[in-house]
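First up is the structure itself, then whatever we jot down about it.
The values are calculated or read from the model by the stated rules, or taken from the named source; none is laboratory data. Predicted model, so just to flag it, every value in this text is computed and none were measured. We place every Cβ from the backbone using ideal geometry, glycine too, and count neighbours over all the protein chains shown.
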Amino acid sequence: MQNRPSGFVAARCRARGRGPTVALVLGLAVAGCTGASPLRALHDPPPAHGPNILLIVTDQQRRNALGAAGDGIVRTPSLDRLAAAGIRFTRAYAADPECGPSRYAMFTSHYPPELGTFDNEIRPRPGFRYLPQYLNAAGYFTGSVGKLHFIPYGVTNGFRETYHHEFLAEPAGISDYFPWLLAQLRRRGLPRVDPMPRGRDWYRTLSGLTGTNPYPEDLTSEAWTTDRALDVIAHAKRLGRPFFVQASYFAPHPPYLPLPKYLRLYDPRSIRLPASFDAPTGPNQYDDLSADDFRIVIQHYYALVTQVDHQIGRLLDGLDALGVTDDTLVLFVSDHGDLMGEFRLLGKDQPYEGCIGVPFLMRWPGRIAPGQVSNAPVSLIDVVPTFLDAAGVPIPSDLRGRSVLPIARGEEAGAERTVFVVQVEHEPFDFVVAREGSWKLTCRARPDGRCAYRLVDLASDPAELKDRMRDPAAAAPRARLQDELERFWQQESRFVPPVLPQREPHATIREPIEN
């Protein structure tokens, strides 16, 4: 017999045509069909003795888009509270500044070339083990709510319970949030408004990039993600099992559509443009947007960051209400950043710090001392070994990352290491980045596959304006990083075919795959 928590909506309404129901979650009325499959009774190993683990992920949030990071404008009281209660890593990086490849790397501790995840719409090679599969075997209850970005959509790679929301509100079989939203609108007598921009190049226009969310706050995907995540956590508690739950928010990914009340918090006239705003880089610059247009884009972006921060606060408060805070390791990250005007660019897919740098905040009461700030270099590649370490699960020797718990617990200072970022979205490749100390070496691919190098010292040049490749004073770090980068790329390039696999546009088909 299947285990169904009281108040849980088990049927997929969009597929079966059933009406809405109402669940009570921590005193919050959550009505409508969630669209998720039934929660199953588990026949796994006995419950693990490790901590609960909550992974909070946003999409496209810059490393410095945090009040705790000293931004000075953006308001993130919930994330600031999380940072104050644990440790904030100031030099954290994505493995690839593209949503899907970054998330695959995060869940496997392997780099995208080896995985074969060259693009958002390319399936990984088979044979890799994913974080929830390790933790299932260790007796954890595993669940994911929100964006997974596995290909094809619907594949769970081990998560026992999933509530998908891959894009804003598309009725394409890729969102459990969307049918719930439609049911709520019908129930409340509210009109459906599609806020998605139209046109092929919407992401290069102010009208396409910005707008507002037309729905009440409790009907936003951010609120839905928080409510569903708390549902799954509450169910795991009733089962008497430690949980690993991912709460993955679509925000602040473009288009930037915050609620009006959050937009009013920011005056675009007070927003500072990056120091590199007027520095030339190439043909992808947003020359059709004025400086004031960029300020308006950043205003909407900050508003969306604050909006999702509010829901993260509700999620953390929910842990308190369920009585599991003290037993829960919380990690907050983003899959990559957003350029937000650096070199007059927006979005991702570039090797600049605003794009490849990510926030990395950890809290574990009683195990991680509060108020820490670490300059130790870390990567999303480190998520799997960190969580396995916390759970007492042996860390496979072939994983590319390392546990950051010894640093967070004060057992080691965090020895210097080289962190790599790689993107292979086009042949022969796009770029490889090597970061060590204050130095950063970037290799952009030439048509013949050789490197066009650029070296910057982020200590003296955080805006990345001055290339030091020919500076005699930089000879030592240049030689060291070039050697590290070439050895890394020699290993990863073995997995890159001369012609990349064909993309699967929109990849919206749910396949009946057992995990």
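Here are a few things to note about the model shown:
- Residues that are crowded, with 18+ Cβ neighbours inside 10 Å and either among the aromatic types (Phe, Trp, Tyr) or over 20 Å from ASP349 (Cβ atoms) (or both) within region 437-465 comprise TRP439, LEU455, ASP457, listed in sequence order.
- Among (1) in contact (Cβ under 8 Å) with a residue 60 or more places away in the chain; (2) crowded, with 23+ Cβ neighbours inside 10 Å; (3) in a loop (DSSP other than H, G, I, E, B) - the single one ARG123 does not satisfy: (2)
- Residue match in region 460-483 (condition: touching a strand residue (DSSP E or B) at 6+ places or on another chain (Cβ under 8 Å), in a helix (DSSP H, G or I), charged (D, E, K, R) and over 20 Å from PHE343 (Cβ atoms)): yes
- Elements of type strands (runs of 3 or more DSSP E) in region 1-95, at least 1 residues being at pLDDT 80 or above and at negative phi: 52-58, 87-93
- A single member of VAL383, VAL456, VAL404, VAL433 is among the β-branched types (Val, Ile, Thr), more than 29 Å from HIS49 (Cα to Cα) and within 24 Å of the chain's Cα centre (by Cα), and it is VAL433.
- Filter result for the condition that a residue is in the same structural domain as VAL74 (by TED's automatic domain parsing), surrounded by 12 or more Cβ atoms within 10 Å (Cβ to Cβ) and under 23 Å from the mean Cα position of the chain (by Cα), over ALA303, ALA279: ALA303
- Given (1) more than 21 Å from the chain's Cα centre (by Cα); (2) β-branched (Val, Ile, Thr); (3) farther than 18 Å from ALA69 by Cβ, index of the condition THR328 fails: (1)
- Residue in region 147-168 that is of a type in the set (Gly, Ala, Ser), assigned by TED's automatic domain parsing to the domain that holds GLN246 and surrounded by 15 or more Cβ atoms within 10 Å (Cβ to Cβ) present: yes
- Subset of region 422-439 [farther than 22 Å from SER109 by Cα and assigned to a strand (DSSP E or B)]: TRP439
- Just so you know, in region 91-108 the residues that are buried (at least 24 other Cβ atoms within 10 Å of the Cβ) and among the charged types (D, E, K, R) include one that is farthest from ASP430 (Cα to Cα), and it is ARG103.
- Residue match in region 91-111 (condition: acidic (Asp, Glu), closer than 24 Å to ALA251 by Cβ and in contact with a strand residue (DSSP E or B) (Cβ under 6 Å, 6 or more places away or on another chain)): yes
- Residues of region 271-305 that are more than 13 Å from THR205 (Cα to Cα), of a type in the set (A, V, I, L, M) and either without any contact (Cβ under 8 Å) to a residue 12 or more places away in the chain or not in a helix (DSSP H, G or I) (or both): ILE271, LEU273, ALA275, ALA279.
- Listed by first and then second residue, the pairs linking a residue in region 473-502 that is at negative phi to a residue that is of a type in the set (Lys, Arg) and modelled with pLDDT under 95, with Cβ atoms under 8 Å apart and 6 or more places separating them unless they lie on different chains, are PRO501/ARG123.
- There is at least one residue in region 223-234 that is assigned by TED's automatic domain parsing to the domain that holds GLU342, over 23 Å from the mean Cα position of the chain (by Cα) and modelled with pLDDT of 95 or more.
- Filter result for TYR111 (modelled with pLDDT of 95 or more and over 21 Å from PHE244 (Cα atoms)): yes
- ILE174 vs. criteria touching a residue at least 60 places away in the same chain (Cβ under 8 Å), in the same structural domain as GLN133 (by TED's automatic domain parsing) and buried (at least 24 other Cβ atoms within 10 Å of the Cβ): no
- Filtered by the rule that a residue be in a helix (DSSP H, G or I) and either surrounded by 22 or more Cβ atoms within 10 Å (Cβ to Cβ) or outside the structural domain of LEU54 (by TED's automatic domain parsing) (or both), region 135-146 gives a lone residue, LEU135.
- Checked against the criterion of being at pLDDT below 95, within 28 Å of ARG314 (Cβ to Cβ), part of a loop (DSSP other than H, G, I, E, B) and within 22 Å of the chain's Cα centre (by Cα), region 191-208 contains one or more residues that satisfy it.
- Residue match in region 426-446 (condition: free of Cβ contacts under 8 Å to residues at least 24 places away in the same chain and out of contact with any helix residue (DSSP H, G or I) (no Cβ under 9 Å at 6 or more places or on another chain)): yes
- Here ALA84 qualifies as surrounded by fewer than 24 Cβ atoms within 10 Å (Cβ to Cβ) and either in the same structural domain as ILE407 (by TED's automatic domain parsing) or free of Cβ contacts under 8 Å to residues at least 60 places away in the same chain (or both).
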